[in-house]
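Student: Quick one: structure below, then a few questions.
Just so you know, all these numbers are worked out from the coordinates, no wet-lab data involved. Computed from a prediction, not measured in an experiment: that's the story for all the values here.
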Amino acid sequence: DLIFYDMFSTKTSGDQWTLNAFRELFEACAGRAAELFTYTCSTANRAALLAAGFYVARGRNAGEKLETTIALTPAARRASSSCRHELLTPDWLEKWQRSGAKFPGELPTNQYTSFEQVIRGHAQFHQER
């Protein structure tokens, strides 16, 4: 399955860029091999996709954007065709750590620690390539 996630920005369609929205989308994929393509390369959005259960890869440039985002369900990640996508590496965690947009905007501060544990513990950053 392919998902073209072409929503307006978080400023105009903020409810479409939340952790909860990505969790619902992940659940809707119900174990299928699905790939999501979106123009964003926002650190907070990538972190929300990871926390929802997706694997996250760098996408190709689009217009003036140097990079976009591809999110894969675990089944899509296991598929041989997923090898063509460049998954974010543990180096991305360093960028994420320094980011001022480390957490999704709607996430309460009392959930920051558990959110961070989910990101740091994501299988994407702990498996052999």
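Student: How large is ³J(HN,Hα), in whole Hz, for each residue of segment 110-124 in order, when computed from phi with the Karplus curve 6.51 cos²θ - 1.76 cosθ + 1.60 and θ = phi - 60°, using x for Gly and Pro?
Tutor: Coupling constants for segment 110-124: 6, 9, 4, 5, 5, 4, 4, 5, 5, 5, 5, x, 4, 4, 4 Hz.
Student: Give a residue-ordered list of calculated ³J(HN,Hα) values for segment 100-106 (Karplus: 6.51 cos²θ - 1.76 cosθ + 1.60, θ = phi - 60°; whole Hz; x for Gly, Pro).
Tutor: Karplus-based 3J(HN,Hα) across segment 100-106 equals x, 10, 5, 10, x, x, 8 Hz.
Student: Also: Once you have the Cα-Cα distance between ARG78 and ASN61, take 0.36 nm times their residue separation minus that, and quote the gain in nm to one decimal.
Tutor: Residue separation times 0.36 nm, minus the Cα-Cα distance, leaves 3.7 nm.
Student: Using each residue's phi in segment 65-79, evaluate 6.51 cos²θ - 1.76 cosθ + 1.60 at θ = phi - 60° and report the 3J(HN,Hα) Karplus result to the nearest Hz, with x for Gly and Pro.
Tutor: Per-residue couplings from phi come out as 6, 6, 8, 10, 10, 10, 10, 10, 6, x, 5, 5, 4, 6, 5 Hz.
Student: If the chain between CYS41 and HIS126 were fully stretched, how many nm would it gain, using 0.36 nm times the residue separation less the Cα-Cα distance?
Tutor: That works out to 28.4 nm of additional length.
Student: What would the Debye equation give as log₁₀ I(q)/I(0) for the chain at q = 0.09, 0.11 Å⁻¹, counting only Cα atoms as equal point scatterers?
Tutor: Ignoring solvent entirely, the Cα scatterers give -0.23, -0.34.
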